[in-house]
Amino acid sequence: MGMEQLLEKYFRPGRLPHIWCPGCGHGIITGAIVKAVDKLGLSKDEVAVISGIGCSSRASGYLDFNTANTLHGRALPIASGLKMANPKLKVIVPSGDGDAAAIGGNHLIHAARRNIDLTLIVYNNSIYGMTGGQYSPLTPKGSKATTAPYLTIEPAFNLLDLAKAAGATFVARSTTFHVQNMVDVIAKAIEHKGFSIVECVTGCPTNFGRQNKIGSAPKMIEWQRDHGVMIGAWNRMDDETRAKALADGKFPIGVLYENNDVQEYTEAYDELIKRAQGGK
Amino acid sequence: MSIKLLQGNQAVVEGAIAAGVKFYGGYPITPSTEIAEQLAARLPQVGGKFMQTEDELAGIGAVIGASMGGKKAMTATSGPGFSLKQELLGLACTAEIPIVVVDVQRVGPATGQPTSPAQGEVMMTRWGTHGDHWVIVVSPVSVPECFWLTIRAVNLAEKYRVPVIILMDEVVGHMREKIELPDDYSTIETVDRKRPDCAPEDYLAYGTKGDDLVPPMADFGSGYRWHVTGLIHDETGFPKGTPDATLQSLNRLHDKIYKNLDDIVTFENYKTDDADYVIVSFGGAARTAYDTVDMARKEGLKVGLFRAITLWPFPEKQVQELASRVQGILVHELNYGQYVLEVERVVAGKCPVWLYGKYDNSSAAPKQLLDELKKHLGR
């Protein structure tokens, strides 16, 4: 399906244009979510999109699913309650790096620990965009931000390592340059039964690029092209090459981890109900 | 009917089950923890679900999500946790998600005194979350009332699509009393939120008809795709922040409650018919006042008790009526003086209003309360 038809089918009439700045990668990610839903052949009624607050969180309002644009950092608890109420829903949570890793960080590790079947899509633009360029937990150390005029001194999280350690059973990364890969990994993440997280590396030319003199939006996308390495190629690197790649700021993309042997939370709860009602 | 000896918190649990609550999310905190513990056991027995969340925010968040999914949902907490829940309480107000929040008060602020009686959150229940908003707050006085008022709270939340707060205190939450429980909860009258009966393409998420100011609410996943937002929104449910849209939104949130006061406001009058003086009280503090009234009457003082069951909206009409025919009102509450401010506002000088605010981590004895009244009467 072409983008025109996808727009017509999955975006709400009258809700566009979106609020995102020219050159922002958030539209690419939101488009990839829609393409993944389309690829899986899901009905719009069985998909819920629950977001928090931030630029990325505005995605929910544009999409013609069961949607909510809730509070900063709180999308995962609300999504968890919704999933418990109706486990048949495919619940997707678009979130920003501040929303997911800072104010919602505690909810992230516990949703991952429970292995509840939610799909968290982190729109990682390395900055707080909506409030105008403050540093987030995913801003690389040494970056400039409006709250770091003398450069950030805080190291960034490796969010995917964090989620995996907390218990996420599907971990993937992509970039707004690698669009087809992004669609594929988001589709796999939605299909995965358990807590899945997809970090989508995206650019914020307005609030990150400009402050850090990276250049225009195409430059930021070129940076993604030059730094994202497909997981197959990444795994084939010898240790020395991989160490150099890491030192150069390169990172693997694709499905980085998948574990299908851990019971999903709502399924485990259904068994608990049977036990409570006297079954085994 | 079966006769049981239950704690107030346990009676809340049975009330929730009887009302059809199917989801609980929350975090343990004294003196409300028994509600979580018992619902963890009871909910799965009736096909419901219990989640112990990572924090208080996630507890009420999950409750909001479950309610969006069509389940009757509640959480319980105490002071410090109730502070944390305020953010999401506001979301439930503006998005009109029916939820019930139990706050079993303890002494505050901060950690305060976890297992001592206090009623310091009266104003917080009314004004806790930021921005103009309206909620319903009910306060039980006894274990049986914990049961029936929890059912009523769930029903009101469903009927008006509003958060309903059950404001308890350590006295009522932890006290054990006799209660007659119906053997068959299915005979109890319960209310389910209105759901849309139009075609999905005609559904306006916040559209209302005529005098009915409460819009029908579709379960997520039921074929009616709509949008929940914490932003000011119009009847479509999508953000619209114009002065007109803001006015319309806030006015309806107010009016859906305040145009139905006769349905929402409940109270008890104990010997107020011929009273010269009335004690106004609620919850655990009111338990003292019944005996005070009886003691006063033995001494020839015509005293009555007006017990607010619905704290908010304030029983304005009823208190004004009392003020017009008594010689004085003594407000008794377990704090430095909160509800008294609203009583004074409403009485507006029609009769003297006195306060016996007790904030020393303990309840009053009936004689203490009587002595306070007599002090004001010069006896």
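The numbers here are math on the coordinates, done by the rules we state, and not lab data. As the structure is a prediction and not an experimental result, all values here were calculated from the model. FYI the Cβ positions are ideal-geometry reconstructions off the backbone, even for glycines, and counts take in every protein chain you see.
Here B:Met1 passes the criteria (1) surrounded by fewer than 24 Cβ atoms within 10 Å (Cβ to Cβ); (2) under 30 Å from B:Pro196 (Cα atoms); (3) more than 10 Å from chain A (Cβ to nearest Cβ) except the one numbered (2). Checking each residue in segment A:155-175 for being surrounded by 14 or more Cβ atoms within 10 Å (Cβ to Cβ) and part of a loop (DSSP other than H, G, I, E, B) picks out A:Ala156, A:Phe157, A:Gly167, A:Ala168, A:Thr169. Only residues that are closer than 16 Å to B:Ala19 by Cβ and in contact with a Ser or Thr (Cβ under 8 Å, 6 or more places away or on another chain) were counted across segment B:169-183, and they come to 1. Here is the figure for segment A:103-148: residues that are touching a residue at least 24 places away in the same chain (Cβ under 8 Å) and either in a helix (DSSP H, G or I) or among the hydrophobic types (A, V, I, L, M, F, W, C) (or both) total 19. If the condition is being surrounded by fewer than 22 Cβ atoms within 10 Å (Cβ to Cβ), more than 7 Å from chain A (Cβ to nearest Cβ) and among the charged types (D, E, K, R), then segment B:31-77 contributes B:Glu34, B:Glu37, B:Arg42. Checked against (1) more than 14 Å from every other protein chain (Cβ to nearest Cβ); (2) in contact with a Lys or Arg (Cβ under 8 Å, 6 or more places away or on another chain); (3) free of Cβ contacts under 8 Å to residues at least 24 places away in the same chain, A:Ile273 passes all but condition (1).
For (1) among the charged types (D, E, K, R); (2) without any contact (Cβ under 8 Å) to a residue 40 or more places away in the chain; (3) under 20 Å from B:Met217 (Cα atoms), each residue gets a yes or a no:
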site: B:Phe50; (1), (2), (3): no, yes, no
site: B:Ile64; (1), (2), (3): no, yes, yes
site: B:Lys71; (1), (2), (3): yes, no, yes
site: B:Leu89; (1), (2), (3): no, no, yes
site: B:Pro98; (1), (2), (3): no, no, yes
site: B:Val104; (1), (2), (3): no, no, no
site: B:Val107; (1), (2), (3): no, no, no
site: B:Gln113; (1), (2), (3): no, no, no
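Selection of segment B:234-260 for residues being in contact (Cβ under 8 Å) with a residue 60 or more places away in the chain and touching a strand residue (DSSP E or B) at 6+ places or on another chain (Cβ under 7 Å) yields B:Ser249, B:Ile257. The set of residues from segment A:127-157 being within 23 Å of A:Val198 (Cβ to Cβ) and touching a strand residue (DSSP E or B) at 6+ places or on another chain (Cβ under 9 Å) comprises A:Ile127, A:Tyr128, A:Gly129, A:Met130, A:Tyr135, A:Ser136, A:Leu138, A:Thr139. Keeping to segment B:160-178, report how many residues are surrounded by fewer than 24 Cβ atoms within 10 Å (Cβ to Cβ) and within 15 Å of B:Val107 (Cβ to Cβ). Counting residues in segment B:160-178 that are surrounded by fewer than 24 Cβ atoms within 10 Å (Cβ to Cβ) and within 15 Å of B:Val107 (Cβ to Cβ) gives 1.
Within segment A:185-228, the set of residues being surrounded by 18 or more Cβ atoms within 10 Å (Cβ to Cβ) and of a type in the set (Val, Ile, Thr) comprises A:Val185, A:Ile186, A:Ile190, A:Ile197, A:Val198, A:Val201, A:Thr202, A:Thr206, A:Ile221.
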